[in-house]
Amino acid sequence: MKSKLAVFFIVIMFFFPLLLSAVQNKGVKEILLSGGKKGDVLFPHGMHQASLKDCNRCHDLFPQISGSIEKLKANKKLEIKQVMKQCRDCHKGKKKIGKKTGPIGCRGCHRK
Ligand code: HEC
Ligand code: HEC
Ligand code: HEC
């Protein structure tokens, strides 16, 4: 009986990380970000998750909560354009090393 219980726990422990990744909330595929006077930015969230893997490449600046960027900006916990700088810096860096990348020019992101 005891050994059955042990096997049961080993199995659970083995599958627990898989279970966690299956239930991880990845959020929506596309997010419309407020871009002030320059016009809003349609951000392909799902595409970035697929190509970058590491969530904290972006979420080190703001939590995985809808509207968190605007909230942090309003509370002065994030500078205006700080997130934008993170977006552009990565795009520039990838371009430099000849990798597939996203827009660098204003109109590539801001729709106005
Ligand atoms: C390239 C940047 C970037 C990466 C990488 C990224 N995110 Fe996000 N994520 C964002 C932005 C921008 C928002 C919108 C925040 C806001 O609304 O203020 C967001 C919002 C979210 C939200 C809340 C919105 C919703 O749809 O519920 C969740 C959940 C989330 N991300 C999960 C993840 C997870 C999990 C990963 C990794 C697998 C990840 N994100 C990787 C940029 C990114
Ligand atoms: C890679 C995408 C991207 C590019 C390229 C880009 N932006 Fe942005 N921009 C954003 C995002 C995302 C935000 C909202 C988050 C923030 O404020 O950091 C933003 C916010 C802004 C804001 C509003 C700040 C506020 O809250 O009032 C202005 C103004 C702006 N950008 C101007 C520019 C100009 C000018 C250029 C070209 C030199 C440019 N952007 C290029 C993504 C981009
Ligand atoms: C750590 C690197 C990194 C960060 C941060 C990042 N991107 Fe990107 N972005 C990429 C890469 C790589 C691609 C190309 C992905 C591909 O083609 O598979 C891309 C592509 C894009 C595209 C083009 C999509 C298309 O249809 O061609 C847009 C728009 C974009 N990013 C916007 C943003 C915005 C807005 C932010 C900030 C909120 C951001 N990115 C942050 C790496 C990044």
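Annotations for the structure displayed:
- All positions within the range 61-84 that are more than 10 Å from ligand 3 (Cβ to nearest atom) and within 17 Å of the chain's Cα centre (by Cα): PRO63, GLN64, ILE65, SER66, GLY67, SER68, GLU70, LYS71, LEU72, LEU78, LYS81, GLN82
- Residue check, LYS26 over 22 Å from ILE104 (Cβ atoms), without any contact (Cβ under 8 Å) to a residue 24 or more places away in the chain and in contact with a helix residue (DSSP H, G or I) (Cβ under 7 Å, 6 or more places away or on another chain): yes
- The listed residue being in contact with a Phe, Trp or Tyr (Cβ under 7 Å, 6 or more places away or on another chain) and either loosely packed, with under 11 Cβ neighbours inside 10 Å or modelled with pLDDT of 95 or more (or both), out of LEU61, LEU33: LEU33
- Those residues of the range 90-111 which are in contact with a helix residue (DSSP H, G or I) (Cβ under 8 Å, 6 or more places away or on another chain), surrounded by 13 or more Cβ atoms within 10 Å (Cβ to Cβ), farther than 14 Å from LEU42 by Cα and not hydrophobic (A, V, I, L, M, F, W, C), in sequence order: THR101
- In the condition set (1) surrounded by 13 or more Cβ atoms within 10 Å (Cβ to Cβ); (2) aromatic (Phe, Trp, Tyr); (3) more than 6 Å from ligand 1 (Cβ to nearest atom), PHE43 is compliant with all but (3).
- Residue satisfying condition, being near ligand 1 (Cβ under 9 Å from one of its atoms) and exposed (fewer than 11 other Cβ atoms within 10 Å of the Cβ), within set GLN49, GLN24: GLN24
- The range 53-112, residues that are basic (Lys, Arg) and either within 11 Å of ligand 1 (Cβ to nearest atom) or within 16 Å of LEU32 (Cα to Cα) (or both): LYS53, ARG57, LYS71, LYS73, LYS81, ARG107, ARG111, LYS112
- Among the residues listed as CYS55, CYS87, the single one being surrounded by 10 or more Cβ atoms within 10 Å (Cβ to Cβ), at pLDDT 95 or above and either more than 16 Å from ligand 2 (Cβ to nearest atom) or over 20 Å from the mean Cα position of the chain (by Cα) (or both): CYS55
- Filtered by the rule that a residue be near ligand 3 (Cβ under 9 Å from one of its atoms) and acidic (Asp, Glu), the range 51-60 gives a lone residue, ASP54.
The values are calculated or read from the model by the stated rules, or taken from the named source; none is laboratory data. In this text, all values refer to a predicted model and were calculated from it rather than measured experimentally. Positions of Cβ are backbone-derived with ideal geometry, glycine not excepted, and every protein chain shown enters the neighbour counts.
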